[in-house]
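Below is one structure, written out as C-alpha cells; the observations come after it.
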Amino acid sequence: MKLTTFSDYALRVLIFAAIEPEDGLTVSRVADAYGISLNHLMKVVQFLGQAGWLDTARGRGGGFTLARPAGEIRLGDVIRATEGDQRFIECVDKNGGKCCILPACTLPAAIHAAQEAFYRVLNQYTLADVAQKRNRLARLLEQT
C-alpha cells in the first residue's frame, strides 16, 4: 500500500503541531520547513481542522494548533480519514468491480482483513509516539 501525498502531508503537519504545541503555526511556516507546496498544504490544514484534529484561525494573527492532546490522536484514524475508501484492487470496490470470478472469490475478504489489520496496527500509535523526540525534530525542521 502506498499512501497519498495528502496523507503524508497530514502526518507532517500534525507532527509539526505536536512538537510546537504552544505556538500558533502558519501554513507557510510548515511549508517552508518541509519544503513542500503551500497550496497543497493549505488544503491539508483545512481538512485536518474540519476533521477535528486542528484548531484553525484565519486572517491576521491566525494559524493552527492541535485541537486535542497528541496522545489522543491515533495514526490509523488519521490515515483512514485522509485515504478515504481506497481500494487496493478493483474487486474490493463497493460496487464489486467487473471481475468474472467475483461471486466465488474470497480475495476481497482477505484484502479487507489485511487493510483492517493495517489500520489496527497504526492505531496502536499516537501522534505523541511519533513526536516523542520533540527537541531533535524541532532542530531538524529549523535546519531546512
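The values are calculated or read from the model by the stated rules, or taken from the named source; none is laboratory data. Note that the structure is predicted; figures quoted are calculated from it, not measured. Don't worry about glycine lacking a Cβ; one is built from the backbone with ideal geometry, like all the others, and counts go over all protein chains shown.
Selection within the stretch 42-56: residues that are surrounded by fewer than 21 Cβ atoms within 10 Å (Cβ to Cβ) and of a type outside the set (D, E, K, R). The member of this set that is farthest from THR126 (Cα to Cα) is MET42.
Which residue is surrounded by the most Cβ atoms within 10 Å (Cβ to Cβ), if the candidates are limited to the stretch 1-36 and must be of a type outside the set (D, E, K, R) and closer than 23 Å to ALA117 by Cβ? The residue in question is ALA10.
When the stretch 130-144 is filtered for residues that are surrounded by 11 or more Cβ atoms within 10 Å (Cβ to Cβ), part of a helix (DSSP H, G or I) and touching a residue at least 24 places away in the same chain (Cβ under 8 Å), the ones remaining, listed by number, are VAL130, ARG134, LEU137, ALA138, LEU141.
Can you go through GLY59, GLY63 and tell me which one is modelled with pLDDT under 95, of a type outside the set (Phe, Trp, Tyr), surrounded by fewer than 13 Cβ atoms within 10 Å (Cβ to Cβ) and on the phi > 0 side of the Ramachandran plot?
Details: GLY63 fails: surrounded by fewer than 13 Cβ atoms within 10 Å (Cβ to Cβ).
Just a single option satisfies the conditions, and that option is GLY59.
Checking the stated criteria, GLY35 turns out not to satisfy the condition of being of a type outside the set (Asp, Glu), modelled with pLDDT of 95 or more and within 25 Å of GLN132 (Cβ to Cβ). Could you grab me the full set of residues in the stretch 54-80 that are free of Cβ contacts under 8 Å to residues at least 40 places away in the same chain and of a type outside the set (Val, Ile, Thr)? The answer is ASP55, ALA57, ARG58, GLY59, ARG60, GLY61, GLY62, ALA67, ARG68, ARG80.
So, of the residues in the stretch 1-55 that are in contact with a strand residue (DSSP E or B) (Cβ under 7 Å, 6 or more places away or on another chain) and of a type in the set (A, V, I, L, M), which turns out to be farthest from ARG80 (Cα to Cα)? Here the answer is LEU25.
Restricting the stretch 90-129 to residues that are among the β-branched types (Val, Ile, Thr) and surrounded by 13 or more Cβ atoms within 10 Å (Cβ to Cβ) leaves a set whose member that is modelled with the lowest pLDDT is VAL92.
For the stretch 1-31, the set of residues classified as aliphatic (A, V, I, L, M), out of contact with any Gly (no Cβ under 9 Å at 6 or more places or on another chain) and part of a helix (DSSP H, G or I) consists of ALA10, LEU11, VAL13, LEU14, ILE15, ALA17, ALA18, ILE19, VAL30, ALA31, listed by residue number.
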